[in-house]
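Every number in this text was worked out from the coordinates using simple rules, so none of it is lab data. This is a predicted model, so every value here is computed, not measured. So basically every Cβ, Gly included, is an ideal-geometry build from the backbone, and we count neighbours across all protein chains shown.
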2 protein chains.
Amino acid sequence: MKRLDQYCPVVHALELVGERWSLLIVRELLHGPKRYTDLTNGLPGIGTNILAARLRDLESCGIVEKKKLPPPTPATVYELTPYGKELDEAMHALARWGARTLGPPKSPDELYPEWGVNALPALFDPERAKGVKETYELKIDENVFTARVARGRVEAEVGAAPDADVVAEMDSPTFFALVAHELSPAEAVKSGRARIEGAVDAFDRCFEIFHIAPRVAAAA
Amino acid sequence: MKRLDQYCPVVHALELVGERWSLLIVRELLHGPKRYTDLTNGLPGIGTNILAARLRDLESCGIVEKKKLPPPTPATVYELTPYGKELDEAMHALARWGARTLGPPKSPDELYPEWGVNALPALFDPERAKGVKETYELKIDENVFTARVARGRVEAEVGAAPDADVVAEMDSPTFFALVAHELSPAEAVKSGRARIEGAVDAFDRCFEIFHIAPRVAAAA
DNA sequence: CTGCATCCGCCTCGATACTG
DNA sequence: CAGTATCGAGGCGGATGCAG
């Protein structure tokens, strides 16, 4: 991004990650290092030259690090630096804002397999999580995510949790209705849109902790 | 921004405000409606056609509203919608992140007069503000800002506060050193870099509540 | 097959000029 | 004051090439 020569932290942040694709590359790398080709696949539409250029820029300003994995499989991977990882707060804030005009997915295959690992921290409300120490296992469409809430923080990962307080199964529209508080957990269970095993009150609490503000209509 | 046809709230948010200048226009409007020419002045380097195009886009997706002020002075102003205003969280998160590699301003005139109204909410730490009900008046370089902290929230405005618990005067490098915790409030007073009137402990508390994470070295 | 560099056509950007 | 019209330069997406 071109120098905007204004002394302003937002301007400076945008000079670092404000260009097309930059933030999305960071999103891809938030869950761990990836290879060049994996990035290409995760970012449909990006030109290979653009990706190379962005990675060079992000590396030169201390957001991304290029690492060579040693043999047996010598591959080069890109990894976020600690400073790069701290973009997660800003990304989640942006995601929360964007989610309010996005609406539920039309078809489940619009979602990428790890989407929940991004979504759950973004939906997390630390205020409501105070004093809660629980683990939720969510089976949404064909994907399984685990959210561990403790000490006012959340850790999300792909996969099941043998120690979950509650295991819930639903499709993605139901999940979106629940986090938007357009559907109550009790109704979801009663109508059969969600099936749960375990503590019912944990299921209720889950959507007090993970939620978004009400949806907004327009945004063409 | 071009359609990136990926179901992801970040992608969607970037489609709305990810283009060059879009977020900066929002920044300009966060403190109230502005006229077209004022926007041009606040955004040095923006082309008038670009500004017009961005305003059209932002209006069409429900972030900005164009209003005509009635006579006596018939002017058209641009104002954020409620949904647009809620970008403040994301902007402050981005600002906090950017501030860590920005460093203090080289000269005070790099700063725009209202900068503090943006900076204070961005630096605000709700965790540290719990149970605090205080008002701080900060004279930084030639600008005066007031921050009212109450019920875990902050309101910042330009101008003095007759009811302030503490009035502090300093230059901007000192302010930046204080919020970065590179300089303690006690040292700042002792060395004469800051002059205060009022409660000393309120001055200390001010920079517990308003702070950034430690600065990061690089970021070319 | 991975990790890029190069080339090409389009579209957007920024700057200036001009109009109600 | 509040924009529209125009134009050159550069960024972008897509395809291709090529070395390790």
Next item on the list: Choose one answer from B:T135, B:T73, B:T174: the residue with the largest mean-square fluctuation in a GNM of chain B with alpha-carbon springs under 10 Å.
Entry: B:T73
Item checked: Reach of B:K133 by Cα under 23 Å, taken over lysines that are not fewer than 8 positions away in the same chain -> A:K130
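Tally the DSSP beta bridges in chain B and give the antiparallel ones as a percent, rounded to 5.
Numbers: 26 of 31 bridges.
Taking every DSSP beta bridge within chain B, about 85 percent pair in antiparallel fashion.
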Margin query: Which residue, B:A147, B:F176, B:I196, has the largest displacement toward the positive end of the dipole of region B:138-209 when charges sit on each Cβ (Lys, Arg +1; Asp, Glu -1)?
Written below: B:A147
Check: Semi-axes of the equivalent ellipsoid of region B:71-212: what are they in whole Å, largest first, if each equals the square root of 5 times a C-alpha gyration tensor eigenvalue?
Finding: 26, 17, 17
Next item on the list: Calculate the mean, over all residues of peptide B:83-96, of how many other protein chain Cβ atoms lie within 10 angstrom of the residue's Cβ.
Entry: 6
Notebook entry, point to check: What average number of partner chain Cβ atoms lie no more than 10 Å from the Cβ of the residues making up A:97-106?
Noted result: 6
Notebook entry, point to check: Residue separation times 0.36 nm, minus the C-alpha to C-alpha distance between A:E79 and A:A199: what's the value?
Noted result: 39.3 nm
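Let's test the formula: R0 of 60 Å, r as the Cβ-Cβ distance of A:L69 and B:R151. What FRET efficiency results, to the nearest 0.05?
Values: r = 51 Å, r/R0 = 0.85.
Using R0 = 60 Å, I get an efficiency of 0.75.
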Margin query: From the helices alone, meaning DSSP H stretches of at least four residues, give me the mean residue ellipticity at 222 nm for chain B, per-run term -39500 (n - 2.57), in deg cm²/dmol to the nearest 500.
Written below: -11000 deg cm²/dmol
Check: Which whole-Hz ³J(HN,Hα) couplings does region B:158-164 yield from phi under the Karplus relation 6.51 cos²θ - 1.76 cosθ + 1.60, θ = phi - 60°, glycine and proline marked x?
Finding: 7, x, 7, 10, x, 9, 5
Check: Which residue fluctuates the most in chain B, going by a Gaussian network model with Cα springs under 10 Å, if the choices are B:P70, B:P113, B:P126?
Finding: B:P70
Next item on the list: Compute log10 of I(q)/I(0) for the protein assembly as shown with the Debye formula, placing one identical point scatterer on every Cα and leaving out solvent, at q = 0.10, 0.11, 0.13 Å⁻¹, to two decimals.
Entry: -0.81, -0.97, -1.29
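Can you give the charge dipole size of region A:89-146 about its Cα centre, rounded to the nearest 20 debye, using +1 on the beta carbon of Lys and Arg and -1 on the beta carbon of Asp and Glu?
Working: 7 positive and 10 negative charges, 60 e Å.
Dipole about the Cα centre, nearest 20: 280 debye.
Which order do the peptides A:48-54, B:91-97, A:82-88 take when ranked by the mean count of other beta-carbon atoms within 10 Å per residue, highest first?
On the way: A:48-54: 14.1, B:91-97: 25.0, A:82-88: 18.1.
The peptides rank, most packed first, as B:91-97, A:82-88, A:48-54.
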Check: Taking a ≥ b ≥ c as the square roots of the eigenvalues of the Cα gyration tensor of region A:124-188, is the shape rounded (a/c under 1.5), prolate (a/b larger than b/c) or oblate?
Finding: oblate
Next item on the list: Report the calculated FRET efficiency for B:A160 and A:D109 (r = Cβ-Cβ distance, R0 = 51 Å), to the nearest 0.05.
Entry: 0.30
Item checked: Protection proxy ranking of B:33-41, B:199-207, A:115-123 - average other beta-carbon atoms within 10 Å, highest first -> A:115-123, B:199-207, B:33-41
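Note the full-extension length gain between A:T40 and A:K130 as 0.36 nm times their separation in residues minus their Cα-Cα distance, in nm to one decimal. Show your work: numbers first, answer last.
Details: separation 90, 0.36 × 90 = 32.40 nm, distance 3.94 nm.
So the extension gain works out to 28.5 nm.
Averaged over B:21-27, how many beta carbons belonging to a partner chain fall within 10 Å of each residue's beta carbon?
Per-residue shielding by partner chains comes out at 3.
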Note to self: Among DSSP bridges having both ends in region A:126-177, what percentage is antiparallel? Round to the nearest 5.
What the structure shows: 70
Checklist line | When region A:17-67 is reduced to its Cα atoms, the Kirkwood hydrodynamic radius in Å | finding: 10.9
Item checked: Binned Cα-Cα distances of region A:81-149, short to long, each 10 Å bin given as a whole percent -> 16, 44, 35, 5
